[in-house]
Structures are given as structure tokens and as C-alpha cells.
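Let me begin by presenting the structure, written as C-alpha cells, before commenting on it.
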Amino acid sequence: MTTPTYSPGLEGVTAGETTICTVEGGLSYRGYSVGDLAENCSFDEVAYLLLHGELPTAVQLKQFHTRVAAARRLPPPLKELFAALPKWTTPLDALRTAVSALGHFDQDAADNSHDANLRKAERLLAQIPVAIADNFRLVKGQPEVPARQDLSHAANFLYMLRGIEASPAEVKAMDVSLILYAEHEFNASTFAARVIVSTLSDLHSGITGAIGALKGPLHGGANEKVMDILLAAGGPDKAEEWTRAALTRKERIMGFGHRVYKTGDVRAGILKKYAGSAAEAAGSTKWEETADIIERVMAAEKSMFPNLDWPAGRLYHAMKLEIPLYTPIFAMSRITGWAAHVIEQLDNNRLIRPRAIYTGPAARAVAPIGERG
Ligand code: ACO
């Protein structure tokens, strides 16, 4: 047996091939740079690109929209399930449970073919925003807002959440954030989904596991922690002192650093201007100014730069969305990337089963129970 190579956290390890996305030469999805997609496409077009491999024609987009919009509803038992969850359940945990439960009700549940997985992916794309909004309003004691079939993914979500239509500027900012969140190669949650389905498990199991992986603050959970950081920093006057003290205490400044990007995350630069415009529209740039100061200190002291969660947390805060919704919003977009990877894995599957270096006790014999201790 050859000596296994080992890289903690699989850092720098190539663990597979993909046609969906690369971070080489700037982030791109199926050959299109995210900057180009953010400027020229809607999230709905990008969702189609990730799932179906090419940007849609106008006719394909219309058909896709019709299919997805028609699936914007939950089986009634899901609502009973939400009502039965403990009141301290977070929106992200409720979403993970909902996606697992939705697998029971999907008509293609037992079919793992390429076409069935595409149908399931489109349905989950439609159902996830409904699950987030319905559960959120139920917990708040607010009446459910039925989905609108005429609205885009982003616009319908904001409408269901608030009960009123969002402004075009808000829809565009949300749309861009969803485009930037949609896909990112072999990140932790996507890799988790690929590991799960590599056993020939099903799409809903893979997505449920991916949501569990997304939850952690080192990954998707960071966009909620960004606002905790800014609130703790207190404002522009105190931000520099607070950041230096936090670094001295060896605290992590959530929204900074990345396993792959060591000189900056292109997505953060794209979304920053939308976070700034949203703050101006909301009438306060306090958190933008605070963020700029923290960015300067992090660059000077740690040579560390913002990742996408840094402007995303601020954008959603400026849009007056409650903090525990931020990671579910990430999931509402990343479902497209996860599903594309699940389908790619299953189309050319090989069980993902790495090895470990054993560091436990040397071989020994079991002593009779009375002789142990
Ligand atoms: N703030 C302060 N110090 C940091 C940060 C940070 N955000 N990130 C890393 N460091 C420090 C570490 O403490 C470590 O210092 P040390 O060598 O003195 O111990 C050094 O930088 C290297 O850190 P690692 O954790 O080894 O780097 P890794 O590549 O594993 O980390 C990660 C990447 C997990 C994203 C990290 O930068 C981090 O925890 N960031 C904050 C969480 C975050 O924003 N996550 C979102 C990721 S992007 C996304 O999901 C869209």
C-alpha cells in the first residue's frame, strides 16, 4: 500500500472534475465570469445556466419560469410541521428540516435519473423561498402570503416575506447577491452534497446535508455573523479600536478570509456597491463607513480581505431583512449550484471514500471486563 498524502482540511487537494464552475482566472460559471453574469443576467437566467448547462433563450427562460413559478407551493403537512417545531428553531434549521421533508412528497423521489433530478431541482428551487417565507411569517404570527407566479425568484421571495412588492432597486440588489451566491466549485456544502449522493443516495438527501454544512459560521453562517461584528464594532468612531482589540484577542472577523482567495474575493467587490446604494436608500451609511474602517485595519494588520458574506450581510441589513434569514437566503440561491453538482456527480459517479492516517493506540488485545480499569 502506498503512503497516503495528507493535507489538513483537504487544503489544495483536487478532489474531482467539474464543468460547472472554476475559481481559476476569476470566478466563472460554465465559462461566464460572475461579473458578466451579474451585470447582464437575472438570477433566474443564471439558475437555468447552472442546472441546464447553457444560458436560456427567451423561450426557454419563459418555459423555465412557468415550471418553477407553478411549483411555488408546499404540501400542506409542511405547514403543520413548521407549526410543530420548537419556537427557538432557527430559520436555517427549519429550512433543512423542510427540504428533508419535501423529499417524502416529491413525485420523483425514488427516481435518480438525470431528468428526474432536474425536475426535483427545479421544484426545490421553487419551494425553498416559499418554505423560508412561510415559516418566517408563521413564527411571527403573521398570515401567510401566497406566492406570485408573475414575479422573479428574488421579487417573489421579498413579496412573500413582506406582503408588499419590493422596489426595482431592491430586487436588482437581491438578484445580484443571489447570482454571486449561486455556485462556488468544491466548497464545503457542495462537497458534502457530492459525498452524500456518491453513495447513490438521492438529491433531497444531498441538499439536506448541504444545508447542514452551509449553516456553520466558517461557511454560509458567516453572513449572519457579519452583522454581529458590525454591531459589536459599534460604528465608525469605535471601529478601528474595536478591530485592533479583537485581533489582539485572536478573534475571527467574520466576512474576512477565504480558503481559496488569499488576495480578495471578486464577488465582494461586485456586491459592495449594491450594499452602499441600499444603505443610502435606507437613509444611513453608518455600517458602510464602519465596514470600510474594518476593511482597512484587516488589510493593514492581517493582509486579509472581505469575502462575499461581508457586503451580503450589510446589504440584507440595509434592506431591513432580519439577520437569521441571511443564511437561508444563501441556500435559496446555492440550491442551483448544489443541484448541478449532485446531477454531475450522479451522471458520472464514483463513490467518494478517502483514507485517514491512523493516530490511535497500537494494536492490543481485549481484556475480560473484570480485568479492565
Ligand atoms: N479574522 C481573523 N483572522 C483570521 C480570519 C478572520 N476572518 N480568517 C483566518 N484568520 C487567521 C487565522 O486565525 C489563522 O491565523 P494563525 O495562523 O495565526 O492561526 C490564519 O488566518 C489562517 O486561518 P485558517 O483558518 O487556517 O485559514 P483557512 O483557509 O482555513 O480559513 C476561513 C478560511 C475558514 C474562511 C477563515 O478565513 C475564516 O474563518 N473566516 C471567517 C468566516 C467567514 O467569513 N467565512 C465565509 C467564507 S466565504 C463563504 O462561505 C461565502
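The values are calculated or read from the model by the stated rules, or taken from the named source; none is laboratory data. Just so we're clear, the structure is a prediction, and the values are computed from it rather than from any experiment. Positions of Cβ are backbone-derived with ideal geometry, glycine not excepted, and every protein chain shown enters the neighbour counts. Accessible surface areas use protein heavy atoms only, side chains included; no ligands, DNA or RNA. Shrake-Rupley method; radii C 1.70, N 1.55, O 1.52, S 1.80 Å.
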Criterion (farther than 30 Å from E17 by Cα and either surrounded by fewer than 23 Cβ atoms within 10 Å (Cβ to Cβ) or of a type in the set (S, T, N, Q) (or both)) met by exactly one of R296, R314:
R296
Please go through the range 8-47 and give me each residue that is over 21 Å from A193 (Cα atoms), out of contact with any helix residue (DSSP H, G or I) (no Cβ under 7 Å at 6 or more places or on another chain) and modelled with pLDDT under 95, ordered by number.
E24, G25
For the range 303-343, how many residues are part of a helix (DSSP H, G or I), among the charged types (D, E, K, R) and away from the ligand (no atom under 16 Å from the Cβ)?
0
The helices (runs of 4 or more DSSP H) lying wholly within the range 56-158 that contain at least 2 residues that are touching a residue at least 40 places away in the same chain (Cβ under 8 Å) and more than 30 Å from C41 (Cα to Cα) are 76-84, 91-105, 114-139
Filter the range 197-238 down to the residues that are crowded, with 24+ Cβ neighbours inside 10 Å and either without any contact (Cβ under 8 Å) to a residue 60 or more places away in the chain or part of a loop (DSSP other than H, G, I, E, B) (or both) and list them by number.
G220
Kindly provide the set of residues from the range 261-273 that are surrounded by fewer than 15 Cβ atoms within 10 Å (Cβ to Cβ) and either within 11 Å of the ligand (Cβ to nearest atom) or part of a helix (DSSP H, G or I) (or both), ordered by number.
K262, G269, K273
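Have a look at A116, A133 and point out the one that is among the small types (G, A, S), surrounded by fewer than 23 Cβ atoms within 10 Å (Cβ to Cβ) and assigned by TED's automatic domain parsing to the domain that holds V68. Lay out the reasoning, then the answer.
Numbers: A133 fails: surrounded by fewer than 23 Cβ atoms within 10 Å (Cβ to Cβ).
Only one candidate qualifies: A116.
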Please specify each residue of the range 228-255 satisfying the condition of being more than 13 Å from the ligand (Cβ to nearest atom) and of a type outside the set (A, V, I, L, M, F, W, C).
G234, G235, P236, D237, K238, E240, E241
Checking W287 against (1) more than 13 Å from the ligand (Cβ to nearest atom); (2) open to solvent by less than 20 Å² (accessible area, probe 1.4 Å); (3) touching a residue at least 40 places away in the same chain (Cβ under 8 Å), the condition it does not meet:
(2)
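Any idea which residue in the range 290-302 is nearest to the chain's Cα centre (by Cα), counting only those that are within 11 Å of the ligand (Cβ to nearest atom) and of a type outside the set (A, V, I, L, M)?
Step one: filter the range 290-302 for residues within 11 Å of the ligand (Cβ to nearest atom), giving 294, 297-298, 301-302.
Those still in the list that are of a type outside the set (A, V, I, L, M) too: 301-302.
On the way: E301: 29, K302: 26 Å.
The residue in question is K302.
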Just to be sure I understand, how many residues within the range 11-32 are open to solvent by 40 Å² or more (accessible area, probe 1.4 Å) and free of Cβ contacts under 8 Å to residues at least 24 places away in the same chain?
8
